[in-house]
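Data first, discussion second: the structure below is written as structure tokens.
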Number of protein chains: 2
Amino acid sequence: MDTREAVGVQDQVEPGRPQGETPSAGADSAPTGRMPKSYRVRAELEALLSELAEGDPLPSERELALRCGVARETVRQAVRELLVEGRIRRQGRGTVVSRPKMVQPLSLRSYTEGAIKFGRKPGRLLVEWTDIPADADTARDLAVEPGTPVMHLERILLADGERIGLESTWMPLDRFAVLREFYNPETSLYAATRGMGVVYAVATERIETVLASPREAALLECTTALPMLLLHRRSVDGEGVPIERVRSLYRGDRIAFQAKLSDC
Amino acid sequence: MDTREAVGVQDQVEPGRPQGETPSAGADSAPTGRMPKSYRVRAELEALLSELAEGDPLPSERELALRCGVARETVRQAVRELLVEGRIRRQGRGTVVSRPKMVQPLSLRSYTEGAIKFGRKPGRLLVEWTDIPADADTARDLAVEPGTPVMHLERILLADGERIGLESTWMPLDRFAVLREFYNPETSLYAATRGMGVVYAVATERIETVLASPREAALLECTTALPMLLLHRRSVDGEGVPIERVRSLYRGDRIAFQAKLSDC
């Protein structure tokens, strides 16, 4: 079975289509014209999934198309949505039911704490740990002059051994060079810095969705067509002094974020 | 120019690839083997973009490939990343520099307030406003019995006239049926309910990335291959009584979300 065909990505990404042109998804009909078929297939798959357990195999697309009485392309679109949502995953030549997506709190707590709370074993693989000159963005976030040497730590984040994210952290070198003396980069960075007496008081976090670059896709063992969640964080201490700039890229099929909003 | 070729989506989505297999992005080399070329092209495009203003045209892919001394496929990947990030957009047969992505605060404030604060004119198009029986998820979130009639409001969210999101809101009918008497669904729902004396005290919001269904893609004038941000919100009032369940789907090339995190 050809995997490209099996997953059925046949649409082009064309986010910048000018208004007024008919989108391809509705080119042959009004927006509601396609509702019943794709809705029916999705509902049928949802019903099927509700009866299956983690790791159970899904019927083939051919079988699903026969069962739903629709074209294979209609089944493929629904299967593709479920793959991206992490509800199902490829295994060998077939497709099986995934374990639930990990949910991380948006908070000042670390990835490590969030993973443990969700019942997954956190881990990290070191990609690089170097001192580099601050570029314009890093200099602005860390309130240093561009070109000032800063510490850069890049790690792959693991949950139960699975590659779930890629995290780059930049920190002022004058304050954190001491980490070299005792910190193991495959453990929690927040635990280490908190151990130094650093207080994370406020962080600003921006969330968007992007595609991985070829390098990032290779490091996360996915393709450049998988939607990712990109988080940018800047943390300051109780005096408003910048502690870190963090860029985290997470596999969209394996993680979701959750925030509790209130008027505090 | 064929748009499919111009955008160059040639990778398959295959999020469920089992661990241990070599991902296609690195199939011909180690993860770092591809770094220099794609990095160089991306850096060249970033430098180019920094000198262009909103609406300025980008050189053709052929020209960019010549300028960077790489294959057109390498340029296509970088262009595709920038399209999904909303940095550039298609216009007619060419590609132009986009306006900056809108940033919405993750807060109890409404979409309307966030858009205005960001300097964009908010708007809404009504898709449907019906009373429907609560399904299992809605019943759980609104603390009613499954099958209880609830109000369902589905609207397209606009920013300066552009379709930016699709929002479905479910609310208890006993408390909110009165909205039918005075509320214009193309205005802010939060403003109307707050006018009724409703206090939004706490909300839980989950963020993930998904692909749009064919119907959603048609309503948002994009394709099913564009990564979207999906938000699920449940809001309760000061007494902990559920006010709403909201499912919002946003075009990933047009919006980002931002949260301020602190230990409050």
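Computed across the range B:174-264, the Kirkwood radius stands at 15.5 Å (inverse of mean 1/r, all Cα pairs). Each of A:Val241 and B:Leu125 was given a label point 7 Å from its Cα along the Cα-to-Cβ line. The distance between the two points is 5.3 nm. Largest to smallest in accessible area, the residues B:Asp237, B:Asp263, A:Asp135 fall in the order B:Asp263, A:Asp135, B:Asp237 (1.4 Å probe, all protein chains included). Spin-label model, B:Lys260 to A:Arg62: label points 7 Å out along the Cα-to-beta-carbon direction sit 5.9 nm apart. Using the Cβ-Cβ distance between B:Glu54 and B:Asp174 with R0 set to 35 Å, the FRET efficiency works out to roughly 0.15.
For the protein assembly as shown, the Stokes-Einstein estimate of translational diffusion at 37 °C and a viscosity of 0.692 mPa s comes to 134 µm²/s, using the Kirkwood hydrodynamic radius over alpha-carbon pairs. Averaged over the residues of B:237-243, the number of partner chain Cβ atoms lying within 10 Å of the residue Cβ comes to 0.
Rounded, prolate or oblate: pick one for the range A:120-207, where a ≥ b ≥ c are the square roots of the eigenvalues of its C-alpha gyration tensor, a/c under 1.5 means rounded, and failing that, prolate if a/b is larger than b/c, else oblate. Prolate is the answer for the range A:120-207, as a/c is 1.5 or above and a/b outweighs b/c.
Annotation note: trypsin sites (Lys or Arg not before Pro) in the range A:66-168 located in DSSP loop regions with a Cβ neighbour count of at most 11 within 10 Å are A:Arg93. The mean number of partner chain beta-carbon atoms within 10 angstrom of a residue's beta-carbon across peptide A:82-93 is 4. What the pair-distance distribution of the range B:102-258 shows, using all Cα-Cα distances binned every 5 Å from zero, is 2, 9, 18, 22, 22, 16, 8, 2, 0 percent.
Counting Lys and Arg as +1 and Asp and Glu as -1, what is the net charge of the other residues whose Cβ lies under 9 Å from the Cβ of A:Leu261? Neighbourhood net charge equals 0. Computed over chain A, the P(r) tail beyond 22 angstrom holds 64 percent of alpha carbon pairs. With 0.36 nm allotted per residue and the present C-alpha distance subtracted, the A:Asp137-A:Asn184 stretch has 14.2 nm of extension available.
Counting 0.36 nm for each residue step from B:Val202 to B:Glu46 and taking away their Cα separation leaves a gain of 52.1 nm. Among DSSP bridges having both ends in the range A:134-184, what percentage is antiparallel? Round to the nearest 5. Here the share of antiparallel DSSP bridges comes out near 100 percent. Across peptide B:224-234, the mean count of Cβ atoms from other chains lying within 10 Å of each residue's own Cβ comes to 6. Applying a DSSP loop filter and a limit of 11 other Cβ atoms within 10 Å to the GluC sites (Glu not before Pro) in the range A:205-264 leaves A:Glu239.
Lysines within cross-link reach of A:Lys101: Cα-Cα under 29 Å, excluding same-chain residues under 8 positions apart? Counting by Cα, and skipping residues close in sequence, A:Lys101 has these lysines nearby: A:Lys37, A:Lys117, A:Lys121, A:Lys260, B:Lys101, B:Lys260.
The values are calculated or read from the model by the stated rules, or taken from the named source; none is laboratory data. In this text the structure is predicted, and so the values were computed from the model without any measurement. Don't worry about glycine lacking a Cβ; one is built from the backbone with ideal geometry, like all the others, and counts go over all protein chains shown. Accessible surface is based on the protein model in full, side chains and every heavy atom, while ligands, DNA and RNA are left aside. Shrake-Rupley method; radii C 1.70, N 1.55, O 1.52, S 1.80 Å.
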